[in-house]
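Below is one structure; the comments refer to it alone.
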Amino acid sequence: MSDSITSMLQENRLFEPSEHFRTHIGPIAVPDLKTYHEMYRKSIDDPGGFWGEIAKDFDWYQPWEKVVEWNLPDAKWFVGGTTNVCANCVDRQIKRGHGDELAILWEGEPCSPDPEIRRLTYLDLLREVSQTANALKSMGVKRGDVVTIYMGMVPELAIAMLACARIGAPHSVIFGGFASPAIVDRVQDAQSKIIITCDGSWRRGQIVALKKNVDDACEKLPEVKNVLVVRRTQSPITMHAGRDHWWHDLVPTQSPECPCEEMNSEDLLFLLYTSGSTGKPKGICHTTAGYMIYTAQTARVTFNLVPKHNHVFFCTADIGWITGHSYIVYGMLPNRVPTIMYEGAPNFPAEDRFWSMVARHKVTHFYTAPTAIRAFMKWGDEHPRKHDLSSLLLLGTVGEPINPEAWIWYHQNIGQSRCPIVDTMWQTETGGHIITPLPGCTPTVPGSCTLPAFGIDAAVVNEKGEELPANHGGLLVIRRPWPGMLRGIHGDRARFIETYWTKVPGMYIAGDGARRDERGYFWIMGRIDDVINVSGHRLGTMEVESALVSHPAVVEAAVVGIPHEIKGTGIAAFVTLSPHFKGATDDSLRKQLMEHVTKEIGPIARPDMIRFTMLLPKTRSGKIMRRLLRDIAVGKESTQDTTTLEDFNALAKLRESDE
Ligand code: WTA
């Protein structure tokens, strides 16, 4: 991390908005910086006026009485209003005569020379979503019941989410790459009684055994009464009579009519579990109107979406993460721009998968993560060069700080030096973008996410909440509420306050270090807590530690993030073995432990390096000295003051074991 910060500090190249973009994108949402600053001021000084104007563009049953009511940490948006998110994504477009337009374009993992493609119009969506909603009702799902969704990237995933929104049943989507213990924790915490899944999903020609993972989880989840299963891979699975139902049996026989529930603005739309410093993943709560309006508005402005301008939006995220929720589904459909969902992996059947998709579908907007860009760089320039990328107008990145080298490569090789890049900074908790350039408007500097989004009173402060001068690193905070902000952690008010609102009283703390340069641009310097960003996926070091100590050979474990060429951050684990464990402290045990973590959490949590040690360095109060371990993991002489080390021996032993 520190290496990339240094290189960022020296970064000074400025990229003005390209003429090509300005002439091809359609009307520019925010045409210049002067307009941005005026709009931004208004959004901060008069949030009611600003967001009220935007909200008028959505369909409501009852108009709101008050745009915002706040007493931080609590805020309510569009108070007294009633609406439905599914109605604004789907029915609204049909009512306005656009039912036959493309809503979702899905491409399956190619198993034969030609990829499988499905195109869903808004009318198709309405029918499938309504039937799915009726199927959920037939299984007893009522307004307010949490529906767990653990699926691969198939169209039924988006359909299931919209069906939940239609009937007012909050969904909780679990990333399909997580293992069965992750399902158990999340289903229990959400008190969910139903799971929607697939028999399996395709990834690099292999089948991910989703249904098997659900079956294993259900052994510990007697409360789960129904499992709805989409057939995707035709793999042999066991269907449990009375509990399991095939989607293709239950859904198509339902009526295609299902009225939308009239939801209050602040009714829960979904839970999405994400990692924090301590404890198990927390269920971030997003509510109806604020989230809907914030994601649709940020999508429209950050990506300059214009219906009927041949825009095709391709976000490569998995819907199991917030990026997919907000910028594949909920932010896109209200904007009436086709959104792509893809199944599989970026390098299967070959490393040019994305570029062949861009050419095949004439993608105009491409949104991915820095870790993917670093992989593209490694795979070689020849892959994008093989394809016609001339349809591209705009590129985006998200998930972690982007190193300037990757930014420049992306700009030249994918954007062919004509596409602006929007480096969008945000979090599961923020619902949508909080700091980002606006294309055609904000000059960009590689590595900086530039300026705050409308309504985001972002600042870099010290622990007293005092704003720091230019180029001083500090804490990234948001000082006022915004419509897309989380409303809580499911079932844990104390943790909500403690995590986000206590460190700097009265301000939302993002958990990231940042600085602002003399231009006012933000530079994110990475997490300041024990969250690590592995390939843009958020993990708590503690989750990996708990997985390790659940292995019989391990008594104690400490996990730290280390710089990784492709992943951004890799995982280094220091492990103390039980004296009773008879076995070699060798590669085979290392492999076993890696497999164990994969089984407990999922492949993304697999450590890159495991080091065995007799003792872990701790402070007198018993805290593991992570920074020291990080230095050891990257082979650096520690510059840290080690006088608080409880046992100098531990350090000496760790160093000795340095091969
Ligand atoms: C990091 C993903 C720098 C940051 C949408 C944040 C970024 C965490 C950027 C949230 C960016 C995300 N530049 N860092 N453009 N985007 N991050 O909840 O550390 O999975 O706090 O949301 O990712 O991760 P999450």
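The values are calculated or read from the model by the stated rules, or taken from the named source; none is laboratory data. Given the structure is predicted, the values throughout are model-derived calculations rather than measurements. Here Cβ is always computed from backbone atoms with ideal geometry, including for glycine, and neighbour counts include all displayed protein chains.
Per-structure values
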quantity: Given (1) in a loop (DSSP other than H, G, I, E, B); (2) more than 13 Å from the ligand (Cβ to nearest atom), number of the condition Gly484 does not satisfy; calculated: (2)
quantity: All positions within region 509-543 that are of a type in the set (D, E, K, R), at pLDDT below 95 and near the ligand (Cβ under 7 Å from one of its atoms); calculated: Arg527, Arg538
quantity: Residue in region 410-425 that is more than 12 Å from the ligand (Cβ to nearest atom), over 24 Å from the mean Cα position of the chain (by Cα), surrounded by fewer than 19 Cβ atoms within 10 Å (Cβ to Cβ) and not in a loop (DSSP other than H, G, I, E, B) present; calculated: yes
quantity: Cβ pairs under 9 Å, 6+ apart, first in region 391-409 and closer than 16 Å to Asn12 by Cβ, second away from the ligand (no atom under 15 Å from the Cβ) and outside any helix (DSSP H, G or I); calculated: Pro404/Gln10; Pro404/Arg13; Ile408/Arg13
quantity: Yes/no for Tyr342 being in contact (Cβ under 8 Å) with a residue 40 or more places away in the chain, in contact with a Gly (Cβ under 9 Å, 6 or more places away or on another chain), among the hydroxyl-bearing types (Ser, Thr, Tyr) and more than 28 Å from Glu498 (Cα to Cα); calculated: yes
quantity: Test set (1) of a type in the set (Val, Ile, Thr); (2) more than 30 Å from Ile624 (Cβ to Cβ); (3) modelled with pLDDT under 95 - Thr278 fails condition number; calculated: (2)
quantity: Yes/no for Ala241 being small (Gly, Ala, Ser) and either buried (at least 20 other Cβ atoms within 10 Å of the Cβ) or farther than 24 Å from Ala135 by Cβ (or both); calculated: no
quantity: Within region 76-96, tally of residues that are surrounded by fewer than 19 Cβ atoms within 10 Å (Cβ to Cβ) and closer than 29 Å to Ala510 by Cβ; calculated: 1
quantity: Subset of region 12-38 [closer than 23 Å to Trp523 by Cβ, of a type in the set (A, V, I, L, M) and surrounded by 13 or more Cβ atoms within 10 Å (Cβ to Cβ)]; calculated: Val30, Leu33
quantity: Residue, nearest to the ligand (Cβ to nearest atom), within region 444-455, restricted to residues that are under 24 Å from Thr23 (Cβ atoms) and not in a loop (DSSP other than H, G, I, E, B); calculated: Thr450
quantity: Condition check for Val214: in a helix (DSSP H, G or I), touching a residue at least 12 places away in the same chain (Cβ under 8 Å) and surrounded by fewer than 19 Cβ atoms within 10 Å (Cβ to Cβ); calculated: no
quantity: Test set (1) buried (at least 21 other Cβ atoms within 10 Å of the Cβ); (2) more than 16 Å from the ligand (Cβ to nearest atom); (3) at positive phi - Gly465 fails condition number; calculated: (1)
quantity: Residue list for region 385-409, filter: of a type outside the set (D, E, K, R), farther than 25 Å from Ile104 by Cβ and over 21 Å from the mean Cα position of the chain (by Cα); calculated: Pro404, Ile408, Trp409
quantity: Helices (runs of 4 or more DSSP H) (entirely within region 1-120) containing at least 3 residues that are farther than 22 Å from Met332 by Cα and out of contact with any His (no Cβ under 6 Å at 6 or more places or on another chain); calculated: 2-9, 19-24, 33-45, 47-55
quantity: Members of region 426-443 found to be more than 21 Å from Glu53 (Cβ to Cβ), away from the ligand (no atom under 12 Å from the Cβ) and either under 22 Å from the mean Cα position of the chain (by Cα) or part of a strand (DSSP E or B) (or both), listed by number; calculated: Pro439
quantity: Of all residues in region 514-539 being part of a loop (DSSP other than H, G, I, E, B) and more than 20 Å from the chain's Cα centre (by Cα), the one that is surrounded by the most Cβ atoms within 10 Å (Cβ to Cβ); calculated: Tyr521
quantity: Residue selected from region 74-125 under the condition at pLDDT below 95 and more than 15 Å from Pro155 (Cα to Cα), by the criterion nearest to the chain's Cα centre (by Cα); calculated: Pro110
quantity: Region 327-362, residues that are among the β-branched types (Val, Ile, Thr) and outside any loop (DSSP other than H, G, I, E, B); calculated: Ile328, Val329, Thr339, Ile340, Val358
quantity: Scan of region 540-559 for residues that are β-branched (Val, Ile, Thr) and either closer than 22 Å to Phe178 by Cβ or not in a strand (DSSP E or B) (or both), ordered by number; calculated: Thr541, Val544, Val549, Val554, Val559
quantity: Test: residue in region 543-566 that is touching a residue at least 12 places away in the same chain (Cβ under 8 Å), in contact with a strand residue (DSSP E or B) (Cβ under 7 Å, 6 or more places away or on another chain) and of a type in the set (S, T, N, Q); calculated: no
quantity: Residue among Gly283, Gly290, Gly276 that is part of a helix (DSSP H, G or I) and in contact with a strand residue (DSSP E or B) (Cβ under 7 Å, 6 or more places away or on another chain); calculated: Gly290
quantity: Output for region 450-506, where each listed residue is free of Cβ contacts under 8 Å to residues at least 60 places away in the same chain, of a type in the set (Gly, Ala, Ser) and in contact with a strand residue (DSSP E or B) (Cβ under 9 Å, 6 or more places away or on another chain); calculated: Ala459, Gly465, Ala470, Gly473, Gly474
quantity: Verdict on Asn310 being assigned to a loop (DSSP other than H, G, I, E, B) and within 24 Å of Thr23 (Cα to Cα); calculated: yes
quantity: Within region 487-506, tally of residues that are part of a loop (DSSP other than H, G, I, E, B) and within 15 Å of the ligand (Cβ to nearest atom); calculated: 1
quantity: Tabulated pairs, region 18-41, first in contact (Cβ under 8 Å) with a residue 24 or more places away in the chain and under 18 Å from His365 (Cβ atoms), second buried (at least 16 other Cβ atoms within 10 Å of the Cβ) and polar (S, T, N, Q), C-beta under 6 angstrom, 6+ apart or interchain; calculated: Ile25/Asn304; Ala29/Asn304
quantity: Residue that is surrounded by the fewest Cβ atoms within 10 Å (Cβ to Cβ) [pool: residues in region 140-161 that are hydrophobic (A, V, I, L, M, F, W, C) and touching an Asp or Glu at 6+ places or on another chain (Cβ under 9 Å)]; calculated: Val154
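The rows are residues; the columns are (1) out of contact with any strand residue (DSSP E or B) (no Cβ under 8 Å at 6 or more places or on another chain); (2) within 16 Å of the ligand (Cβ to nearest atom); (3) within 25 Å of Arg203 (Cβ to Cβ).
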residue: Val306; (1), (2), (3): yes, no, no
residue: His325; (1), (2), (3): no, yes, yes
residue: Asn335; (1), (2), (3): yes, no, no
residue: Asn347; (1), (2), (3): yes, no, yes
residue: Val358; (1), (2), (3): no, no, yes
residue: Phe366; (1), (2), (3): no, yes, yes
residue: Thr371; (1), (2), (3): no, yes, yes
residue: Ser390; (1), (2), (3): yes, no, no
residue: Leu394; (1), (2), (3): no, yes, no
